[in-house]
Amino acid sequence: MDPRETVNSASDTTRFHCTGCGRCCTGHHVPLTLGEAQQWVDDGGQVIVLVEAFLANGIGLPAEQQDHARRRSCAVPCGDTEAYVAITFAAFNPGPCRNLDAELRCMIYERRPLVCRIYPMEINPHIPLRPQAKDCPPEAWEDGEVLIHRERVLDPTLMELIERSRQADRDDIRNKTLICQRLGIDTSALKGNGFTAYLPDTSALHQAMGDTAADTQAALAEWILHVEDGELAGKLGSAGARVTGTSAGHYSFIGF
Ligand code: SF4
Ligand code: SF4
């Protein structure tokens with residue numbers, strides 16, 4: 001039996017050990033803190049920008065997630081209302097990560113991003129760890145350290161990394177919003193309905209990061225919501241939001 005099917009159901013303990021298979025380093029866009037994104041660009045890597053938002057009146061967000069989501073979002077004008085945009089800068093890894101060597105070792109192991117240190121744990125407190133949803137092979141869940149006991153992360157070092165990642169999301173969001181503005185990124189998907197994805201030119205991103213660091217007090221510009229579902233778009237429009245159903249081509253809409 002695949003141990004991933006029984007973990008967390010037959011038992012209240014999840015054990016894990018990394019097998020070093022390298023799957024989590026292949027085909028995954030790795031979320032980065034703003035500092036890590038700057039480093040990634042400085043090292044010659046490419047960054048993908050993923051955006052989702054919800055309305056101030058809560059459309060797009062279950063009530064129990066309001067607190068976590070608001071703290072990592074930036075309130076911006078959107079038509080006659082306000083939207084809260086959450087922006088992820090991620091290492092663009094359509095194939096193997098640029099730092100993965102032929103022996104499946106990380107060439108920047110000592111300074112690898114926070115998310116690489118946290119995987120396979122979830123950072124969002126509203127997403128439970130589901131081994132089936134992870135890339136780790138079945139044997140990774142058969143033994144090893146106790147990762148979770150009765151829904152609690154046992155390793156204080158791991159918990160500290162997760163908290164650091166959450167705090168970076170909160171600390172970075174305003175500057176990430178300004179960087180997006182400077183790159184002409186102004187359209188978000190509705191949270192729960194999809195993401196908009198942008199692949200900015202690396203030198204333009206580098207410039208926008210530098211300009212934002214030099215002027216963090218710039219005013220926040222208006223954003224638009226990309227929604228292709230007519231009924232949902234009508235609901236958002238009635239709430240005062242500025243909505244579009246088509247991309248002008250400078251981003252992709254990844255719908256759920
Ligand atoms: S930076 Fe290292 S650990 Fe992170 S995805 Fe790339 S190879 Fe893997
Ligand atoms: S996919 Fe899981 S087992 Fe494989 S290297 Fe990544 S963390 Fe380790």
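Below, the figures for the structure above:
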item: Value at 222 nm in deg cm²/dmol, rounded to 500, when DSSP H runs of n ≥ 4 in the chain each add -39,500 (n - 2.57); result: -8500 deg cm²/dmol
item: Amide hydrogen neighbours beyond the local backbone of VAL47, cut-off 5 Å, H modeled; result: PHE92
item: Charge context of LEU236, other residues only, Cβ under 13 angstrom, K/R +1, D/E -1; result: -2
item: In degrees, nearest ten, helix 202-214 long axis to first principal axis of the chain (Cα); result: 70
item: Fraction of beta bridges assigned by DSSP in the range 129-256 that are antiparallel (%, nearest 5); result: 55
item: Net charge, GLY255 excluded, C-beta distance under 9 Å - Lys, Arg +1, Asp, Glu -1; result: -2
item: Radius of gyration and Dmax over the Cα atoms of the chain, both given in Å; result: 19.3, 57
item: Mean Cβ count within 10 Å, highest first, over the residues of peptides 114-124, 131-141; result: 114-124, 131-141
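Bear in mind these aren't lab numbers, they're just calculated from the coordinates by the rules spelled out. Because the structure is a prediction, the values reported are computed rather than measured. Methodologically, a virtual Cβ is constructed for each residue, glycine included, from the backbone with ideal geometry; neighbour enumeration extends over all protein chains shown.
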